[in-house]
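Notes for the one structure printed next.
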Amino acid sequence: VTTLYVCGPMSGFDQLNEPAFRAAARHVTERGQLAVVPHDLKPAEHEGPCPRSHTSQVTGDHGVACYLRVDLAHILLYCDGLYVLRGWETSVGARVEVQVAAACGIPLEFQP
Ligand SMILES: [Zn+2]
């Protein structure tokens, strides 16, 4: 079974854009594939303050880097492809995920 990671913009949206991610995940599972939604992944655990990254943006108790580390690891280790939501270009994290997937030969499917 193919597992697709749903990738898209989160910060700046109500509920971190979770409804759009869930709708995409439903679409993917209705096709008989599995979907991973980043909202279900726990941020990386660490001692002390969050690692700094390109942005000081914080979501909940963690900085962006703590989420991105886990998201990228999950994509590389457990996913066969990315399902990329509309508007991904506006998100630094989504752009990084798309670039990493492309560089690693992980197929991209763009939401029509
Ligand atoms: Zn952190």
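Throughout, read-outs are computed from the coordinates displayed, never taken from laboratory work. All figures in this text were calculated on a predicted structure; none of them were measured in a lab. Neighbour counts are summed over all protein chains in view; Cβ atoms, including those assigned to glycine, are modelled from backbone coordinates with ideal geometry.
Could you calculate the contour length gain from LYS42 to HIS27, that is, 0.36 nm times the residue separation minus the distance between their Cα atoms, to one decimal place in nm? Don't jump to the answer; show the numbers that get you there.
Working: separation 15, 0.36 × 15 = 5.40 nm, distance 2.33 nm.
Between LYS42 and HIS27, full extension yields 3.1 nm more.
Provide the net charge surrounding ARG31, with neighbours chosen by a C-beta distance below 14 Å and charges set as Lys +1, Arg +1, Asp -1, Glu -1.
Numbers: positive: ARG26; negative: GLU30, ASP80, GLU109.
The answer is -2.
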Computed ³J(HN,Hα) along segment 45-50: with the Karplus parameters 6.51/-1.76/1.60, θ = phi - 60°, integer Hz and x for glycine or proline, the list is 8, 6, 7, x, x, 5
Just rank HIS39, HIS62, fewest to most, by other beta-carbon atoms within 10 angstrom.
HIS39, HIS62
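Add -39500 (n - 2.57) for each DSSP H run of 4 or more in the chain, then divide by its residues: what number comes out at 222 nm, to the nearest 500 deg cm²/dmol?
Details: 3 runs with 40 residues, N = 112.
So the helix-based figure for the chain works out to -11500 deg cm²/dmol.
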Just rank GLU109, GLU47, fewest to most, by other beta-carbon atoms within 10 angstrom.
GLU47, GLU109
Working from Cα positions, state the angle (0 to 90°, nearest 10) between the long axis of helix 92-103 and the longest principal axis of the chain.
60
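When the dipole is taken about the Cα centre of the chain, and only Lys, Arg (+1) and Asp, Glu (-1) are charged at their Cβ, what size is it in debye, to the nearest 20? Could you put the intermediate results ahead of the total?
On the way: 8 positive and 12 negative charges, 33 e Å.
So the magnitude is around 160 debye.
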For ARG86, ARG69, order by how many other beta-carbon atoms lie within 10 Å, fewest first:
ARG86, ARG69
From the phi of every residue in segment 33-43, what ³J(HN,Hα) in whole Hz does the Karplus formula 6.51 cos²θ - 1.76 cosθ + 1.60 yield, where θ is phi - 60° and glycine or proline is x?
9, 9, 10, 10, 10, x, 4, 8, 8, 7, x
Sorted by chain and number, the residues with a modelled amide H under 5 Å from that of LEU108, at a separation of 5 or more or across chains, are LEU82
Expressed in Å to one decimal, the Kirkwood Rh of the chain from all distinct alpha-carbon pairs is 14.2
